[in-house]
Amino acid sequence: MTQNISQKIISNHLASGEMTGGSEISIQIDQTLTQDATGTMAYLQFEAIGIARVKTEVSVSYVDHNLLQTDFRNADDHRYLQSVAAKYGLYFSRPGNGVSHQVHLERFGKPGKTLLGSDSHTPTGGGLGMLAIGAGGLDVAMAMAGRPFNLKMPKIVGVELTGRLRPWVSAKDIVLEVIRRLTVKGGVGRILEYYGPGVETLDVPSRASICNMGTEAGATSSVFPSDQGTLEFLRSQDRESDWTELSADQGAGYDEIIKIDLSSLEPLIAQPSSPDRVVKVSEISGSEVSQVILGSCANSSLRDLLVAARVLEDRTIHPDVSFEVNPGSRQVLENLAAGSGYLSLVKAGARIHQPGCLGCIGMGQAPATGTRSLRTFTRNFPGRSGTKDDSVFLCSPEVAVAAAITGVITDPRELGEYPDVLQPAELLVDDSMILSPVENTADVEIIRGPNIQPLPRMDPLPADVEGVVLLKVGDNISTDDIMPAGAAILPLRSNVPAISEFVFTRVDPSFAGRAKSAGGGFIVGGENYGQGSSREHAALAPRYLGVIAVIAKSYARIHKSNLVNFGILPLEFKDSSDYDIIKADARVKIAGARDKIKDGHALLSAEVCGQSVLLRLDVSAREREVLLAGGLLNYVRKE
C-alpha cells in the first residue's frame, strides 16, 4: 500500500495501535529534547521514574529560555541540568549555545527519525524530514525512560506547494498563509505534510521555519521530504552520513489537501494579538513602529540574519526604532561574523543579543507602553512580551528589517531590488559548547539549589468529583494565560508551590488564593482551551491548587494530554450551549465519577444549580487508568 511520509515514519515506529484516524497509537521515540524552562521539571520526573540512564538514541538538554540571571535561581537550574545530563547520559547544550530547535536542526536531527520535545515548537525538526512532536515534560521523561509516546492517530493534511516565491516573500509568509486559512485551532489532530514542485525551491532553514509555526495552527507536527536540499544542508553541517532520502510514495493519498501557489503570495503580517489575524502588509502599511526584533526559533537561522544584514548595508536603523537581533545559535553568530554580516548589523545600529529565546518567552526586550513591536517570533498572545496591553505583530525578516529602516510598517518590496543572500557551502562548525554524554556516571553528583523542590504527590481520583467553579473563561485561552512566563515567573519552574501563586494572574490575580481557600474546584473554558506552549506547569500548578477538572468546549492537543498526565479531568460539553448554564462560583458535582470512569462511561452527568449537564470524557482506556491513578507518575509507579 502506498504511504505518505508521515505514515512511513509512524509505521516504522509503531509500538501499538492501528493507524486509523482518531484511534490511540503509541510510537517509539528515537530522540528527545528539553529546554530549561520545562527541563528541570522533566528531569525531576525522570528521576522519580528510577531509570539509571536514558534509553533513547539521542537526548539533549538545552538551556535557551531562562538566560537572564538576576539572582541565583536560573544559575542553580543550569547547574542542576548539567549535572543531570552527566548522570543520565544526555548531551548538554550550555547557556549561550543557542535555541534548542535551531541547534538540534544543525547538530542532531536526522531524516526519518522521531523526536519528542518538551517545547511546542519541536516540529521544527520536520524541516529535515523528521516526525517531530511537542509534548509535556512528563511525556518526554517517559520517552527517555524507553516508554513509547501515546497519541491519537492524526489526520495527514497534504500541503501542495507549486511555483516559486517572488522577491521579498519568504517562508514566514507561507506559514502565515497556512495559519490564516486554518486559524489557531484548524490544525488540531493533524500533521501538515508538504509536497509538490515548490518544495525543492525552499532550503532547510526555510522548511524548518514553516514546520516550526505549524504549531500555531494547533498541528501535531509538520514534515517535509528529505531530498537533495536536505543533503546539502547536512553536508554543510559536516553530517552528510546522517542523510536518508525520504519521500511520499507515488500516488500516496492525504486526508485533506491544501494548495498554495508560492508565486501568488505577498508579504504577510499577523496583527495583535493572535497568530491567525493575518493580513497583507500592504493593507496596514504606514503605522509607526518603535521596536523590531529579529530572532526566535522560527526565524533566527543564518539565512534570516543574512537577509537583514544585506538589506542594511549602507543603511541605518530609523532613530525612533530599537532594532534587536537574537541569533538562533552560536554557529549562526560565528558564521554571520565570518561573512561580515555581523558588522553590517552593528554599523546599522542593531542591538545584538546572545543566542537564545529571550524576548519571545518574555525574558527581556519588552516593548514600550502604547507602542507597536514587529517581531519574527512565533506568538503574539496578549502580554506575552512582558508589557501589559502590548501591540505585537508577527512577520518575516524582510518585513521586519523594512520597518526597522523606515520606522513604520512597510511593504519590503518598496526597498527596491532584493539582495543576493548566499550562504556558504561549508559552515564553521564548533561543538565545544555541547557536552557529550558521560560514560562512567557512578561518581557524578546531581547539584540541587534551594529553589529546586521535590515533586508534589497527587492523590488518586476520588469517588465523587465536586467543587465550585473557580473561574470561567472564553475561547482560545492560552497556556500563557494559565501559567504566564516572563522574567519574574520562569525562574520558579523548579518550585511548584511557588509558581502556583501565579496561575491565571493575568486573567484573575485572586485565582490562586481563592482556589486554596475553596480546596480546589473546576475551571470552565470555551473552544481550544490551552493553546500555545507545551508548558506542563499550566496543568501541574492548577492541580497543586486543587483543580480537579476542566470543562471546556474543546482543547488544544498538548494541554489536554498534560491535564490527563496530572490527573485533571479534561471534560467537554456534550452540548456546547450548556457552557452558558455554568456560572462562576456555581457548585458542580459529578456523583460516582470514579466508578463511571472505571467502567468506561463516555458521558458523565454533572449537577449544576439544580440542572443536569452532560459532559463528555474523550480519552483512551489507558488515559482513564492514568486519571484514576491521579496522574501518569502514579500510574507508572503502580505498574
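The values are calculated or read from the model by the stated rules, or taken from the named source; none is laboratory data. The structure displayed is predicted, hence computed values, not measured ones. No Cβ is skipped: glycine too gets one built from the backbone with ideal geometry, and neighbour counts run over all protein chains shown.
Would you check if E527 is surrounded by fewer than 24 Cβ atoms within 10 Å (Cβ to Cβ) and assigned to a strand (DSSP E or B)? Answer is no for this residue.
For the stretch 347-357, a residue qualifies if it is under 26 Å from the mean Cα position of the chain (by Cα) and of a type in the set (G, A, S), and exactly one does: G356. Among the residues of the stretch 216-257, which ones are in contact with a strand residue (DSSP E or B) (Cβ under 7 Å, 6 or more places away or on another chain), buried (at least 19 other Cβ atoms within 10 Å of the Cβ) and polar (S, T, N, Q)? Answer for the stretch 216-257, where residues must be in contact with a strand residue (DSSP E or B) (Cβ under 7 Å, 6 or more places away or on another chain), buried (at least 19 other Cβ atoms within 10 Å of the Cβ) and polar (S, T, N, Q): T220, S221, S222, S226.
Which of the residues spanning the stretch 595-627 are within 28 Å of the chain's Cα centre (by Cα), farther than 18 Å from G467 by Cα and part of a helix (DSSP H, G or I)? A621, R622, E623, R624, E625, V626 - these are the residues of the stretch 595-627 that are within 28 Å of the chain's Cα centre (by Cα), farther than 18 Å from G467 by Cα and part of a helix (DSSP H, G or I). Report yes if some residue within the stretch 583-594 is basic (K, R), part of a helix (DSSP H, G or I) and touching a residue at least 40 places away in the same chain (Cβ under 8 Å); otherwise report no. Among the residues of the stretch 583-594, at least one is basic (K, R), part of a helix (DSSP H, G or I) and touching a residue at least 40 places away in the same chain (Cβ under 8 Å), which makes the answer yes.
Okay, residues lined up against (1) crowded, with 24+ Cβ neighbours inside 10 Å; (2) more than 20 Å from W243 (Cα to Cα):
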| position | (1), (2) |
| --- | --- |
| P123 | yes, no |
| L138 | yes, yes |
| V157 | yes, yes |
| E160 | no, yes |
| R181 | no, yes |
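In the stretch 8-24, the count of residues that are under 20 Å from the mean Cα position of the chain (by Cα) and either touching a residue at least 40 places away in the same chain (Cβ under 8 Å) or outside any strand (DSSP E or B) (or both) is zero.
Within the set A75, A85, A52, the sole residue that is in the same structural domain as D242 (by TED's automatic domain parsing), farther than 30 Å from V204 by Cα, of a type in the set (G, A, S) and assigned to a helix (DSSP H, G or I) turns out to be A75. Checked against the criteria, G89 does not count as in contact with a strand residue (DSSP E or B) (Cβ under 9 Å, 6 or more places away or on another chain), within 30 Å of I269 (Cβ to Cβ) and not aromatic (F, W, Y). If the condition is being in contact with a Lys or Arg (Cβ under 7 Å, 6 or more places away or on another chain) and over 18 Å from S344 (Cα atoms), then the stretch 397-424 contributes no residue at all.
Selection over the stretch 537-567 of residues that are closer than 19 Å to N150 by Cα, outside any helix (DSSP H, G or I) and touching a Phe, Trp or Tyr at 6+ places or on another chain (Cβ under 6 Å) gives a count of 1.
Here's the yes/no breakdown for (1) buried (at least 16 other Cβ atoms within 10 Å of the Cβ); (2) under 30 Å from K560 (Cβ atoms); (3) touching a Phe, Trp or Tyr at 6+ places or on another chain (Cβ under 9 Å):
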| site | (1), (2), (3) |
| --- | --- |
| V399 | yes, no, yes |
| T406 | yes, no, no |
| L422 | no, no, no |
| V429 | no, no, no |
| N440 | no, no, no |
| N451 | yes, yes, yes |
| P456 | no, yes, yes |
| V473 | yes, yes, yes |
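The residue of the stretch 318-346 that is surrounded by the most Cβ atoms within 10 Å (Cβ to Cβ), among those that are more than 31 Å from the chain's Cα centre (by Cα) and within 18 Å of A400 (Cβ to Cβ), is S344.
Right, P205: touching an Asp or Glu at 6+ places or on another chain (Cβ under 9 Å), in a helix (DSSP H, G or I) and surrounded by 20 or more Cβ atoms within 10 Å (Cβ to Cβ) or not? The answer is yes for P205.
Exactly one residue out of V507, V465 is of a type in the set (A, V, I, L, M), out of contact with any Lys or Arg (no Cβ under 9 Å at 6 or more places or on another chain) and over 30 Å from E57 (Cα atoms), and it is V507. Only one of L422, L428 is over 30 Å from D76 (Cβ atoms) and at pLDDT below 95; which? Being over 30 Å from D76 (Cβ atoms) and at pLDDT below 95 holds for just one of L422, L428, which is L422.
State whether the residues of the stretch 547-564 include one that is surrounded by fewer than 15 Cβ atoms within 10 Å (Cβ to Cβ) and either within 18 Å of G136 (Cα to Cα) or without any contact (Cβ under 8 Å) to a residue 40 or more places away in the chain (or both). The answer is no, given that none of the residues of the stretch 547-564 is surrounded by fewer than 15 Cβ atoms within 10 Å (Cβ to Cβ) and either within 18 Å of G136 (Cα to Cα) or without any contact (Cβ under 8 Å) to a residue 40 or more places away in the chain (or both).
Inspection of the stretch 388-409 identifies no residue that is over 20 Å from V169 (Cα atoms) and aromatic (F, W, Y).
Could you please let me know if I5 is crowded, with 24+ Cβ neighbours inside 10 Å, among the hydrophobic types (A, V, I, L, M, F, W, C) and either closer than 19 Å to E536 by Cα or in contact (Cβ under 8 Å) with a residue 12 or more places away in the chain (or both)? So I5 fits the description; yes. Is it true that some residue in the stretch 258-274 is out of contact with any Pro (no Cβ under 9 Å at 6 or more places or on another chain), exposed (fewer than 14 other Cβ atoms within 10 Å of the Cβ), part of a loop (DSSP other than H, G, I, E, B) and not aromatic (F, W, Y)? Checked against the condition, which is being out of contact with any Pro (no Cβ under 9 Å at 6 or more places or on another chain), exposed (fewer than 14 other Cβ atoms within 10 Å of the Cβ), part of a loop (DSSP other than H, G, I, E, B) and not aromatic (F, W, Y), the stretch 258-274 yields no hits at all. Taking residues in the stretch 68-79 that are in contact (Cβ under 8 Å) with a residue 24 or more places away in the chain, and partners anywhere that are of a type in the set (D, E), the pairs with Cβ atoms closer than 8 Å and at least 6 places apart or on different chains are N74/D36; D77/D36; H78/D36.
For the stretch 565-582, the set of residues classified as of a type in the set (D, E, K, R) and in contact (Cβ under 8 Å) with a residue 12 or more places away in the chain consists of E572, K574, D575, D578, listed by residue number. May I ask you to list the residues in the stretch 389-410 that are farther than 18 Å from S301 by Cα and under 22 Å from the mean Cα position of the chain (by Cα)? Within the stretch 389-410, D390, S391, V392, F393 qualify. For the criterion of being assigned to a loop (DSSP other than H, G, I, E, B) and surrounded by 21 or more Cβ atoms within 10 Å (Cβ to Cβ), S534 passes.
Number of residues in the stretch 55-91 that are hydrophobic (A, V, I, L, M, F, W, C), closer than 19 Å to I29 by Cβ and crowded, with 22+ Cβ neighbours inside 10 Å equals 4. Can you pull out the residues in the stretch 595-607 that are surrounded by fewer than 19 Cβ atoms within 10 Å (Cβ to Cβ) and without any contact (Cβ under 8 Å) to a residue 60 or more places away in the chain? K596, K598, D599, G600, H601, A602, L603, S605, E607, listed by residue number. Tell me, please, whether a residue that is outside any helix (DSSP H, G or I), at pLDDT below 95 and aliphatic (A, V, I, L, M) can be found in the stretch 489-500. Within the stretch 489-500, one or more residues are outside any helix (DSSP H, G or I), at pLDDT below 95 and aliphatic (A, V, I, L, M).
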